[in-house]
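The structure under discussion appears below in the form of structure tokens.
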Amino acid sequence: MKNRLDDILAKALEEKDVLEHDELKHLLTCEEPGELAALYRAAYRMKERHIGRKVSLRGLVEMSDLCVKDCYYCGIRRSNRAVPRFAMTRDEILRAVRLAREYGYSSIVLQSGERSDPAFVDFVEEIVREIKRIDDFGITLSCGEQSSETYRRWFAAGAHRYLLRIESSSRTLYRTLHPDDAMHDWETRRRCLDFIRDAGFQLGTGVMIALPRQTADDLASDLEFFREVDADMIGMGPYLPHHQTPLGREFPELDAEKTLETGLKMIAAARLYLRDVNIAATTALQTLSPADGRERGLLAGANVVMPNIGDTAYRRGYQLYENKPDLDENLPEIRRKLEASLQSIGETVAEGWGDSPHFASK
Ligand code: 5AD
């Protein structure tokens, strides 16, 4: 007799009915090596079907670690005085982008700590315009919660994808991760996702995985949340304790292999459940397993990688969590290593912007 996992995987691959909460939970709680392998294999088949054996690259520019928020888990939270603060200048960002073009990137991601003061809003708008003048890059922004008007201005300037993680779809869990004030309000963040979509962006969201107090039910609900908001892109990664944060001090321990496994299961379940969205193999996977974390993410169904293209001088400032990889490596080395590792798993770099097929199908 076939077991329950096989039935669920067959149902997912048939693409007729949508997986139920319990079925998602079953995928997220399997542990036996043979079952895990079957889960990843099925997710990879789904990826091959909708995306092909292709990986889209985004050159990531971490523009600034100035942040007005005070999230309990994040290394660049406002209250962390130990972190050196920086903001790349316009010329520094444009230099990174030009270099990225030389190394074959056609899409870039601009990410920063959260700010919404007028100077910052103008700066981002202007930098998007300038980048569009250099070349017709695909531009993704990841600059936090903004007003609906700001999102519209940034879209009009030429950005067309936006990433804003909900961090957790559970309001209760969200509360344990953030101060209880107007600046850290789940409902506000949720509303921003609508603003982003309504402004015209392809919408990316995501969560942290293996958080303290997070259950398999929470993770299954996170996946359902992604479907509910009709996300085009998913960027999610394992939570990694940072010792200069309240949450990192309260729960300093990390079981790297287990955490990585939960991250991979979420990627696989997201691929099987959401089918044609873009899913990133995030840096946190690589941090947990520098040799092959990212590759394992791709083999579990992810199809986007975002190598850092910013100047190495700043990377130490931008430490949301500790031991981030590639701190000292420059563009050519990162690119060379990446192509070799993609080749080793039978994947190639996708041409063009690598937009979410899910968005195109709407
Ligand atoms: N571990 C993992 N991810 C983190 N982020 C912030 N701090 C951590 C951490 N300690 C993630 C958040 C945020 C994204 C930019 O980085 O999900 O949205």
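Among the residues of segment 65-73, not a single one is closer than 29 Å to residue 271 by Cβ, away from the ligand (no atom under 16 Å from the Cβ), outside any helix (DSSP H, G or I) and of a type outside the set (Ser, Thr, Tyr).
Filtering segment 164-182 to residues that are part of a helix (DSSP H, G or I) and closer than 13 Å to residue 72 by Cβ leaves 173, 174, 175, 176, 177. When the test is whether a residue is touching a Leu at 6+ places or on another chain (Cβ under 9 Å), at pLDDT below 95, within 19 Å of residue 235 (Cα to Cα) and of a type in the set (Gly, Ala, Ser), residue 284 passes it.
In contact with a Ser or Thr (Cβ under 8 Å, 6 or more places away or on another chain) and more than 28 Å from residue 98 (Cα to Cα): which single residue out of 301, 297, 354, 346 fits that description? Walk me through how you get there before you give the answer.
Details: 301 fails: in contact with a Ser or Thr (Cβ under 8 Å, 6 or more places away or on another chain); 354 fails: more than 28 Å from residue 98 (Cα to Cα); 346 fails: in contact with a Ser or Thr (Cβ under 8 Å, 6 or more places away or on another chain).
Only one candidate passes the filter, namely 297.
Candidates in segment 216-248 are the residues that are in a helix (DSSP H, G or I) and surrounded by 22 or more Cβ atoms within 10 Å (Cβ to Cβ); of these, the one that is nearest to the ligand (Cβ to nearest atom) is 222.
Just a yes or no: is a residue in segment 104-115 out of contact with any strand residue (DSSP E or B) (no Cβ under 7 Å at 6 or more places or on another chain) and either more than 16 Å from the ligand (Cβ to nearest atom) or touching a residue at least 60 places away in the same chain (Cβ under 8 Å) (or both)? Give the derivation first.
Our first condition is that a residue be out of contact with any strand residue (DSSP E or B) (no Cβ under 7 Å at 6 or more places or on another chain); within segment 104-115, this holds for 104, 114-115.
Now drop any that are not either more than 16 Å from the ligand (Cβ to nearest atom) or touching a residue at least 60 places away in the same chain (Cβ under 8 Å) (or both), which leaves 104.
Yes: segment 104-115 contains one or more residues that are out of contact with any strand residue (DSSP E or B) (no Cβ under 7 Å at 6 or more places or on another chain) and either more than 16 Å from the ligand (Cβ to nearest atom) or touching a residue at least 60 places away in the same chain (Cβ under 8 Å) (or both).
Do the conditions hold for residue 257, that is, is it in contact with a Phe, Trp or Tyr (Cβ under 9 Å, 6 or more places away or on another chain), in a helix (DSSP H, G or I), more than 8 Å from the ligand (Cβ to nearest atom) and closer than 26 Å to residue 306 by Cα? Spelling it out, it is not the case that residue 257 is in contact with a Phe, Trp or Tyr (Cβ under 9 Å, 6 or more places away or on another chain), in a helix (DSSP H, G or I), more than 8 Å from the ligand (Cβ to nearest atom) and closer than 26 Å to residue 306 by Cα.
Going by what's in this entry, would residue 144 be described as within 16 Å of the ligand (Cβ to nearest atom), within 12 Å of residue 63 (Cα to Cα) and at pLDDT 95 or above?
Numbers: within 16 Å of the ligand (Cβ to nearest atom): yes; within 12 Å of residue 63 (Cα to Cα): no; at pLDDT 95 or above: yes.
Judged against the criteria, residue 144 is not a match.
For segment 120-142, the candidate set comprises residues that are aromatic (Phe, Trp, Tyr) and touching a Lys or Arg at 6+ places or on another chain (Cβ under 9 Å); within that set, the residue that is nearest to residue 86 (Cα to Cα) is 123. Scanning segment 303-345 for residues that are more than 30 Å from residue 247 (Cβ to Cβ) and without any contact (Cβ under 8 Å) to a residue 40 or more places away in the chain gives 330, 333, 336, 337, 339, 340, 343. Residue check: residue 79 meets all listed conditions (1) among the small types (Gly, Ala, Ser); (2) within 16 Å of the ligand (Cβ to nearest atom); (3) under 23 Å from the mean Cα position of the chain (by Cα); (4) under 21 Å from residue 208 (Cβ atoms) but one, namely (3). Every condition in (1) out of contact with any helix residue (DSSP H, G or I) (no Cβ under 7 Å at 6 or more places or on another chain); (2) among the β-branched types (Val, Ile, Thr); (3) within 16 Å of residue 108 (Cα to Cα) holds for residue 309 except the one numbered (1).
Okay, residues lined up against (1) touching a Ser or Thr at 6+ places or on another chain (Cβ under 6 Å); (2) of a type in the set (Asp, Glu); (3) under 30 Å from residue 339 (Cα atoms); (4) not in a helix (DSSP H, G or I):
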| residue | (1), (2), (3), (4) |
| --- | --- |
| 60 | no, no, yes, yes |
| 93 | no, no, yes, no |
| 108 | no, no, yes, yes |
| 123 | no, no, no, no |
| 130 | no, yes, yes, no |
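Do the conditions hold for residue 297, that is, is it in contact (Cβ under 8 Å) with a residue 12 or more places away in the chain, in a loop (DSSP other than H, G, I, E, B) and surrounded by 21 or more Cβ atoms within 10 Å (Cβ to Cβ)? Spell out how you get there, then give the answer.
Working: in contact (Cβ under 8 Å) with a residue 12 or more places away in the chain: yes; in a loop (DSSP other than H, G, I, E, B): no; surrounded by 21 or more Cβ atoms within 10 Å (Cβ to Cβ): yes.
Criteria not met by residue 297.
Annotation: residue 312 fulfils all but one of (1) closer than 27 Å to residue 84 by Cα; (2) at pLDDT 90 or above; (3) over 20 Å from the mean Cα position of the chain (by Cα); (4) hydroxyl-bearing (Ser, Thr, Tyr); the unmet one is (2).
The values are calculated or read from the model by the stated rules, or taken from the named source; none is laboratory data. Everything numeric in this text was worked out from a predicted model, so none of it was measured. All Cβ positions, glycine included, derive from the backbone under ideal geometry; neighbour counts span all protein chains shown.
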